[in-house]
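Colleague: Handing you this structure, nothing more for now.
The values are calculated or read from the model by the stated rules, or taken from the named source; none is laboratory data. Since the model is a prediction, treat every value here as computed from it, not as a measurement. Note that we place each Cβ from the backbone using ideal geometry, even for glycine, and neighbour counts take in every protein chain shown. For accessibility, only protein heavy atoms count, side chains too; no ligands or nucleic acids. Shrake-Rupley method; radii C 1.70, N 1.55, O 1.52, S 1.80 Å.
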Amino acid sequence: MSLTITNLSKTYPNGTQALKNVSLDIPNGMFGLLGPNGAGKSSLMRTIATLQDADTGSIVLDGIDVLHDKEAVRRVLGYLPQEFGVYPSVSAEDLLDHFATLKGIASRKERQEMVAALLHQTNLYDVRKKYVGGYSGGMKQRFGIAQALLGNPRLIIVDEPTAGLDPAERNRFHNLLSEIGENLVVILSTHIVSDVSDLCRHMAIINKGEVLLTGDPLTVMNNLKGKIWKKLIEKAELPALQASHQVISSRLFAGKTVVHVLADGAPDSGFEAVSPDLEDVYFAEIQRYEVRSKSGAIMAA
């Protein structure tokens with residue numbers, strides 16, 4: 001099972017180009033699509049999920065032409081969108097049974113068995129009689145995964161699934177995604193770097209509709225080995241440091257500012273080498289893109 005996206009582009013009527021010649025090969029397992037808000041992640045997910053058309057390009061899922069054979073795709077697709085609405089005054093058990101009916105599962109016995117199995121899998125069986133409107137955010141997300149798993153899909157798309165979850169629910173959701181991602185193509189779209197580093201064997205970074213980098217997290221992190229340097233500075237020192245070095249990130253720590261600099265060698269004696277993580281890769285790629293875009297705009301002017 002694999003998903004191949006080739007030269008996919010999408011421009012909305014207001015002139016916003018959401019996708020610019022996106023090409024990706026997504027194998028079986030967990031695939032992380034990482035990018036800031038507005039990067040085009042949801043536009044790509046909606047296009048794969050057959051909820052909107054592309055202007056140009058192609059998507060092929062295990063021989064199925066996604067853009068032209070939408071019904072065939074929907075039969076093998078599970079989708080948890082970023083905004084997942086539920087009927088608040090219906091129990092989880094009844095609502096999941098309703099979704100199973102909509103999915104085309106006509107046998108009542110088959111639906112009951114499938115609903116019970118999915119509620120057990122998502123750790124919601126003990127609260128199956130409770131109205132979904134009374135669920136916590138994490139419980140609603142787990143219910144969303146349960147409905148996405150109806151009908152034994154071969155492709156699952158989850159869009160920003162852990163945003164707003166507390167640490168405990170986020171861990172539960174990670175464990176659930178890891179479990180279901182062993183035998184399916186699961187696309188995890190997120191702006192949370194640790195979601196990708198914790199869960200995914202393959203990934204891509206996207207920004208403003210363009211794919212900036214693809215690979216597996218360990219390899220892309222190793223590519224920056226020996227090039228990330230850290231220093232603790234006063235906040236007032238940051239502008240001068242940004243002017244003289246390639247500062248890829250900064251954050252507050254104990255009242256001071258920790259900066260990470262990308263350089264082939266130690267910028268000065270005050271810096272120490274650190275092992276790169278996926279956040280360093282992410283910020284470095286986003287910064288390269290911004291510099292490249294500014295240079296292109298200056299040349300065009």
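Colleague: For the condition modelled with pLDDT under 95 and either of a type in the set (D, E, K, R) or out of contact with any Pro (no Cβ under 9 Å at 6 or more places or on another chain) (or both), what is the one hit in 80, 149? Even if it seems obvious, please write down each step before you answer.
Modeller: Numbers: 80 fails: either of a type in the set (D, E, K, R) or out of contact with any Pro (no Cβ under 9 Å at 6 or more places or on another chain) (or both).
Only one candidate qualifies: 149.
Colleague: I would also like to ask the following. What are the residues in segment 165-192 that are open to solvent by 20 Å² or more (accessible area, probe 1.4 Å) and farther than 22 Å from residue 83 by Cβ, if any?
Modeller: Of everything in segment 165-192, those that are open to solvent by 20 Å² or more (accessible area, probe 1.4 Å) and farther than 22 Å from residue 83 by Cβ turn out to be 167, 168, 171, 175, 178, 179, 182, 183, 184.
Colleague: Here's something else I'd like to know. Given the conditions (1) more than 17 Å from residue 34 (Cβ to Cβ); (2) open to solvent by less than 30 Å² (accessible area, probe 1.4 Å), report the number of the one that residue 265 does not fulfil.
Modeller: (2)
Colleague: While we're on this one: Kindly indicate the residue of segment 127-151 that is closer than 11 Å to residue 92 by Cβ and of a type in the set (Ser, Thr, Tyr) and also surrounded by the most Cβ atoms within 10 Å (Cβ to Cβ) among those meeting that condition.
Modeller: Filtering first and then ranking leaves 135.
Colleague: Can you name the residue in segment 206-244 that is open to solvent by less than 90 Å² (accessible area, probe 1.4 Å) and in a loop (DSSP other than H, G, I, E, B) and is also farthest from residue 46 (Cα to Cα) among such residues?
Modeller: Here the answer is 234.
Colleague: Now, a different point. So which residues in segment 96-126 are without any contact (Cβ under 8 Å) to a residue 40 or more places away in the chain and either open to solvent by less than 60 Å² (accessible area, probe 1.4 Å) or not in a helix (DSSP H, G or I) (or both)? Write out each step before concluding.
Modeller: In the first step, residues of segment 96-126 are kept if they are without any contact (Cβ under 8 Å) to a residue 40 or more places away in the chain; the result is 97-98, 101-102, 106-120, 124-126.
Matches in segment 96-126: 97, 106, 107, 111, 114, 115, 116, 117, 118, 119, 124.
Colleague: While we're on this one: Among the residues of segment 3-51, count how many are in a loop (DSSP other than H, G, I, E, B) and loosely packed, with under 15 Cβ neighbours inside 10 Å.
Modeller: 10
Colleague: Moving to a separate point now. Checking the condition of a type in the set (D, E, K, R) and within 20 Å of the chain's Cα centre (by Cα), which residue from 41, 70, 129, 109 passes? Reasoning before the result, please.
Modeller: Working: 70 fails: within 20 Å of the chain's Cα centre (by Cα); 129 fails: within 20 Å of the chain's Cα centre (by Cα); 109 fails: within 20 Å of the chain's Cα centre (by Cα).
Result of the check over 41, 70, 129, 109: 41.
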